[in-house]
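Undergrad: One structure, pasted below without further comment.
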Amino acid sequence: MTAARRASPLPGLDGLLRHPAAAPLLARHGRAALTGALRAALAERRGRRAFGAAPEEVLGEAAALLDGLFAPRLRPVFNLTGTVLHTNLGRALLPEAAVAAAAEALARPVTLEYDLADGRRGRREAEVAALLCRITGAEAASVVNNNAAALVLLLAALAPGAAVAVSRGELIEIGGSFRLPEIMAAAGARLAEVGTTNRTHAADYEAALGAGAVAVLRVHPSNFAIHGFTAAVRFRELAALAHGRGALALEDLGSGALVDLARFGLPHERMAQESLAEGADVVCFSADKLTGGPQAGILLGRAEPIARLERHPLKRALRLDKARLAALAAVLRLYLEPERLAERLPTLRLLARPGGAIRATAERLRAAFAAFAPEFTVEVADCASRIGSGARPEDLLPSAALRCSGGDGEALAARLRALAVPVIGRIAEGALWLDCRTIEAEAEAALVATLVATLGQTAPDR
Ligand SMILES: *Cc1c(COP(=O)(O)O)cnc(C)c1O
């Protein structure tokens with residue numbers, strides 16, 4: 001055989017498309033997608049000089065490429081990490097009513113910016129803003145893409161090119177891409193650092209205001225706490241100080257809350273209402289942390305500064321889409337009936353879930369996990385859940401988990417991640433922990449079904 005002959009035999013594209021094995025792929029994905037995948041498969045073979053393939057082999061490779069292309073990367077998982085508002089897993093889970101409202105807004109024409117009463121253009125945020133004002137007593141409200149966007153808009157509109165005083169103890173970084181000094185710079189405000197990491201006094205803010213700062217900004221420390229020799233200025237005092245100098249008092253609450261969580265037996269998280277009562281001109285927070293809504297940033301405050309935000313060109317760039325507005329309105333409506341909130345808002349329901357119910361779930365799930373991981377000791381054990389997303393980072397909620405010990409925890413975690421619906425746990429103290437707080441009845445049934453389906457497939461090999 002000559003070199004030339006050995007190098008040539010990769011099947012041609014036309015032949016591959018006409019091959020009987022191509023028919024089901026053509027039927028499923030169409031000619032354009034299959035042609036693209038075949039070209040890629042052939043190019044890949046040429047690249048590694050893997051000539052001489054049968055048509056079936058190349059078609060098989062193209063099919064694998066198509067499978068990869070059409071498999072969604074955004075997949076549902078079971079969150080057994082013990083972190084209820086897990087940023088990497090999408091934070092708050094929305095109530096059915098909000099999901100339905102969002103789906104309807106996506107699929108059908110809706111009155112997004114349309115006033116049915118007079119048949120004219122309406123304000124797209126009217127309902128959400130009215131609900132927010134009713135719940136919190138704020139004069140005005142605005143919503144944007146997320147809390148980072150809220151902060152950018154706040155600073156760009158209210159302190160363009162001007163100094164804003166922030167305590168050195170509050171110059172936070174959240175999840176790498178959110179660093180307060182960088183956000184401020186991007187918004188076009190100047191950071192006037194005041195005080196020290198552990199202690200900041202009224203005189204520190206006074207000096208910055210005397211030097212021309214147009215606002216003071218308080219930032220929730222979110223993911224850390226400072227203990228020991230510390231001092232901070234109470235927000236009420238800080239706001240009075242700013243107002244005395246004709247400056248604005250602003251607060252980034254991070255998670256924030258619209259109800260007193262202590263009512264539900266949870267650690268109290270600073271509420272937007274408290275910030276406003278203590279003199280905040282504008283307060284901002286995330287809608288998808290303890291508020292339990294879709295991703296959004298909520299801005300509340302006095303009518304005048306909120307009107308300035310609304311007029312700023314960035315507002316248009318950062319605005320919410322109809323699906324999230326619909327979902328947010330549905331979530332906010334639940335707050336109008338606070339007695340039923342803990343049962344209807346999933347975030348609150350999961351956080352306030354009684355320990356006994358979590359333990360009972362763990363006990364019911366134990367057998368299914370023990371069968372899935374027979375080489376492990378699977379026991380029901382006490383553990384501690386976290387709220388997550390920077391809300392009360394030091395407060396833990398007593399919970400119950402399945403502790404899988406006596407084997408390679410990392411390997412078991414990988415096997416659970418490879419399930420049809422992946423199960424995400426947490427490795428600690430040499431064991432894999434599966435916190436059952438977030439597994440309510442419906443998820444429990446689905447989780448058992450996922451585990452059992454796998455056993456059916458793999459049992460003969462064991
Ligand atoms: C979470 C958080 C943010 C960012 O909020 P996103 O909604 O994720 O943009 C900003 N500031 C503080 C204090 C936070 O905790």
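The values are calculated or read from the model by the stated rules, or taken from the named source; none is laboratory data. Fair warning: this is a prediction, and the values are worked out from it, not measured in the lab. So basically every Cβ, Gly included, is an ideal-geometry build from the backbone, and we count neighbours across all protein chains shown. When the accessible area is computed, the model is the full protein with side chains, heavy atoms only, and any ligands, DNA or RNA have been set aside. Shrake-Rupley method; radii C 1.70, N 1.55, O 1.52, S 1.80 Å.
Undergrad: Could you figure out which of (1) open to solvent by 10 Å² or more (accessible area, probe 1.4 Å); (2) under 30 Å from Val378 (Cβ atoms); (3) in contact with a Phe, Trp or Tyr (Cβ under 8 Å, 6 or more places away or on another chain) isn't true of Leu351?
TA: Only one criterion is unmet by Leu351, namely (1).
Undergrad: With respect to Gly169, is the statement that it is over 21 Å from Arg236 (Cβ atoms) and either assigned to a loop (DSSP other than H, G, I, E, B) or open to solvent by less than 70 Å² (accessible area, probe 1.4 Å) (or both) true?
TA: In short, no.
Undergrad: May I ask you to say which residue of Ala400, Ala391, Ala431 is buried (at least 20 other Cβ atoms within 10 Å of the Cβ), touching a strand residue (DSSP E or B) at 6+ places or on another chain (Cβ under 8 Å) and at pLDDT below 95? Talk me through it step by step, then tell me what you get.
TA: Values: Ala400 fails: at pLDDT below 95; Ala431 fails: at pLDDT below 95.
Unique residue meeting the criteria: Ala391.
Undergrad: Which residue pairs have Cβ atoms under 9 Å apart, sit 6 or more places apart or on different chains, and have a first residue in the range 151-178 that is closer than 17 Å to Ser389 by Cα and of a type outside the set (Val, Ile, Thr) and a second that is open to solvent by less than 30 Å² (accessible area, probe 1.4 Å) and away from the ligand (no atom under 13 Å from the Cβ)?
TA: What qualifies is Glu170/Thr200.
Residue-wise test of (1) out of contact with any His (no Cβ under 7 Å at 6 or more places or on another chain); (2) modelled with pLDDT of 95 or more; (3) more than 15 Å from Gly161 (Cα to Cα).
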{"position": "Asn198", "(1), (2), (3)": "yes, no, yes"}
{"position": "Val214", "(1), (2), (3)": "yes, yes, no"}
{"position": "Ser222", "(1), (2), (3)": "yes, no, yes"}
{"position": "Phe229", "(1), (2), (3)": "yes, no, yes"}
{"position": "Leu250", "(1), (2), (3)": "yes, yes, yes"}
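Undergrad: Can you tell me which residues in the range 289-319 are in a helix (DSSP H, G or I) and in contact with a Ser or Thr (Cβ under 8 Å, 6 or more places away or on another chain)?
TA: Pass one, the range 289-319, residues in a helix (DSSP H, G or I): 303-311, 313-317.
Within the range 289-319, Ile306, Leu309, Glu310, Lys315 qualify.
Undergrad: How do the strands (runs of 3 or more DSSP E) wholly within the range 186-263 filter down when requiring 3 or more residues that are under 22 Å from Ala157 (Cα atoms) and within 16 Å of the ligand (Cβ to nearest atom): which remain?
TA: Values: elements: 190-194, 215-219, 248-254.
Answer list for the range 186-263: 215-219, 248-254.
Undergrad: Separate question: Would you pick out the residues in the range 264-284 that are in a loop (DSSP other than H, G, I, E, B) and within 15 Å of the ligand (Cβ to nearest atom)? Give the steps one after another, and end with the answer.
TA: So in the range 264-284, the residues in a loop (DSSP other than H, G, I, E, B) come out as 265-271, 278-281.
Result: Glu269, Arg270, Met271, Ala280.
Undergrad: Next question. List pairs: first residue in the range 357-372 and open to solvent by 20 Å² or more (accessible area, probe 1.4 Å), second residue modelled with pLDDT of 95 or more anywhere in the structure, Cβ distance under 7 angstrom, at least six positions apart or on different chains.
TA: If the second residue must be modelled with pLDDT of 95 or more, the pairs left are Arg359/Val380; Arg359/Ala400; Glu363/Val380; Arg364/Glu444; Arg366/Val378; Arg366/Val380; Arg366/Leu402; Ala370/Val378.
Undergrad: A further question follows. Being part of a helix (DSSP H, G or I) and farther than 15 Å from Val282 by Cβ, is that true of even one residue in the range 149-158?
TA: First pass over the range 149-158, keeping only residues part of a helix (DSSP H, G or I): 149-158.
Checking which are farther than 15 Å from Val282 by Cβ leaves us with none.
Among the residues of the range 149-158, not one is part of a helix (DSSP H, G or I) and farther than 15 Å from Val282 by Cβ, which makes the answer no.
Undergrad: Sort out which residues of the range 267-296 are in contact with a strand residue (DSSP E or B) (Cβ under 8 Å, 6 or more places away or on another chain) and of a type in the set (Gly, Ala, Ser), and write them in order of number.
TA: Residues satisfying the conditions are Ala272, Ser275, Gly279, Ala280, Ser286, Ala287, Ala296.
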